[in-house]
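The structure under discussion appears below in the form of structure tokens.
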Amino acid sequence: MKILVLLAHPRLRTSVVQHAMHRAIAGLDGVTVRDLYADYPDFGIDVAREQQSLLAHDLIVLQHPFYWYSSPAILKEWQDLVLENGWAYGPGGTALAGRFMLSAISTGGTGEAYHHEGRNRFEMEELLAPFNQTAWLCAMAYLRPFVIHAGRRMQPEDLSAAVESYRDLIVGLRDRRIDPLSMLAPDFKLPPAFAKAAA
Ligand SMILES: Cc1cc2nc3c(=O)[nH]c(=O)nc-3n(C[C@H](O)[C@H](O)[C@H](O)COP(=O)(O)O)c2cc1C
């Protein structure tokens, strides 16, 4: 699979976890990594370029720190402008049908906090529902998210191991050693147009 990683971190210079994740996948064959804040410091997203870039890839990875239970702002701007009606969804909007979407996220909170009894009250996958449904509307398959919880508080060797598992996942998906359809998010039913496009 050809993989496009859209990295969104407004302060990559001070980043620990996302920086390490970025380093782990930078330069891999078949994996394009784009730093959205570097490309669009003023949020002037080039819609045509982004749409061409999406068409050239099979798996779109949204890689970002968890900010206010969602993504940093540029990724929202990117979705608002790039995923156009009639292109990504709506009448005639089948450009992305049959492709895959994966969220690759770092959080400040621990894994235990992301449960109904925990301090964040919701599971990660519940909080990621807007991304899941965005993929569905675009007839894409939304995969179980890759999450590094509380990476800044990890021992360096534990963070290295977590980042290594991110690289292994990306390489496994690229080489199709990992079947993306075995990684569907819980309760995710493939959109009818996905199967048609993939056939
Ligand atoms: C503006 C802002 C909002 C944040 N919101 C959350 C949040 O909702 N949940 C959470 O677990 N961590 C939150 N954090 C912590 C970051 O997710 C965490 O520091 C980051 O993933 C660590 O990666 P980095 O070293 O690449 O920055 C937030 C941090 C900032 C600066």
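Determine if region 140-149 includes at least one residue that is over 16 Å from the mean Cα position of the chain (by Cα) and open to solvent by 20 Å² or more (accessible area, probe 1.4 Å).
Step one: list which residues in region 140-149 are over 16 Å from the mean Cα position of the chain (by Cα), which gives none.
There is no residue in region 140-149 that is over 16 Å from the mean Cα position of the chain (by Cα) and open to solvent by 20 Å² or more (accessible area, probe 1.4 Å).
Kindly indicate whether Ala198 is at pLDDT 95 or above, of a type outside the set (Lys, Arg) and within 19 Å of His57 (Cβ to Cβ).
Numbers: at pLDDT 95 or above: no; of a type outside the set (Lys, Arg): yes; within 19 Å of His57 (Cβ to Cβ): yes.
So Ala198 does not fit the description; no.
Among Ser53, Ser70, which is in contact with a Lys or Arg (Cβ under 9 Å, 6 or more places away or on another chain) and within 16 Å of the ligand (Cβ to nearest atom)?
On the way: Ser53 fails: within 16 Å of the ligand (Cβ to nearest atom).
The unique qualifying residue is Ser70.
Give the number of residues within region 120-135 that are open to solvent by 30 Å² or more (accessible area, probe 1.4 Å), part of a loop (DSSP other than H, G, I, E, B) and either hydrophobic (A, V, I, L, M, F, W, C) or near the ligand (Cβ under 10 Å from one of its atoms) (or both).
At the first step, the residues of region 120-135 found to be open to solvent by 30 Å² or more (accessible area, probe 1.4 Å) are 121-123, 125-127, 129-130, 132-134.
With the extra rule that they be part of a loop (DSSP other than H, G, I, E, B), the set shrinks to 121-123.
Now narrow it down to the ones that are either hydrophobic (A, V, I, L, M, F, W, C) or near the ligand (Cβ under 10 Å from one of its atoms) (or both): 122.
Of the residues in region 120-135, 1 are open to solvent by 30 Å² or more (accessible area, probe 1.4 Å), part of a loop (DSSP other than H, G, I, E, B) and either hydrophobic (A, V, I, L, M, F, W, C) or near the ligand (Cβ under 10 Å from one of its atoms) (or both).
So the check is Cβ under 6 Å with 6+ separation or different chains; which pairs have a first residue in region 55-71 that's over 17 Å from Leu83 (Cβ atoms) and a second one that's among the β-branched types (Val, Ile, Thr)?
Gln63/Val5; Phe66/Ile105; Phe66/Thr107
Being open to solvent by 20 Å² or more (accessible area, probe 1.4 Å) and not hydroxyl-bearing (Ser, Thr, Tyr) is the filter; apply it to region 12-21 and report the residue that is nearest to the ligand (Cβ to nearest atom).
Initially, region 12-21 is screened for residues open to solvent by 20 Å² or more (accessible area, probe 1.4 Å), giving 12-14, 16, 19.
Filter once more, so that each one left must be not hydroxyl-bearing (Ser, Thr, Tyr): 12-13, 16, 19.
Values: Leu12: 8, Arg13: 10, Val16: 4, His19: 6 Å.
Going through the qualifying residues, I end up with Val16.
Could you tell me which residue of region 150-189 is most open to solvent (accessible area, probe 1.4 Å), considering only residues that are closer than 22 Å to Leu28 by Cα and outside any helix (DSSP H, G or I)?
Ranking the qualifying residues of region 150-189, first place goes to Arg177.
Quick one: which of Leu169, Leu75 is within 16 Å of the chain's Cα centre (by Cα) and away from the ligand (no atom under 16 Å from the Cβ)? Full working, then the answer.
Working: Leu75 fails: away from the ligand (no atom under 16 Å from the Cβ).
That would be Leu169, the only listed residue that is within 16 Å of the chain's Cα centre (by Cα) and away from the ligand (no atom under 16 Å from the Cβ).
Exactly one of (1) among the hydroxyl-bearing types (Ser, Thr, Tyr); (2) near the ligand (Cβ under 10 Å from one of its atoms); (3) part of a strand (DSSP E or B) is unmet by Thr110. Its number?
With (1) among the hydroxyl-bearing types (Ser, Thr, Tyr); (2) near the ligand (Cβ under 10 Å from one of its atoms); (3) part of a strand (DSSP E or B) applied to Thr110, the lone miss is (3).
Please report, ordered by residue number, the helices (runs of 4 or more DSSP H) entirely within region 22-84 with at least 1 residues that are open to solvent by 70 Å² or more (accessible area, probe 1.4 Å) and within 17 Å of Ser103 (Cα to Cα). Quick ask: steps written out before the conclusion?
Values: elements: 36-39, 47-55, 73-82.
Those helices (runs of 4 or more DSSP H) span 73-82.
Which number in (1) within 10 Å of the ligand (Cβ to nearest atom); (2) within 16 Å of the chain's Cα centre (by Cα) marks the one condition that Leu102 misses?
(1)
The values are calculated or read from the model by the stated rules, or taken from the named source; none is laboratory data. No experiment lies behind these values; they were computed from the predicted model shown. So basically every Cβ, Gly included, is an ideal-geometry build from the backbone, and we count neighbours across all protein chains shown. Ligands, DNA and RNA are excluded from the accessible area calculation, which covers all protein heavy atoms including side chains. Shrake-Rupley method; radii C 1.70, N 1.55, O 1.52, S 1.80 Å.
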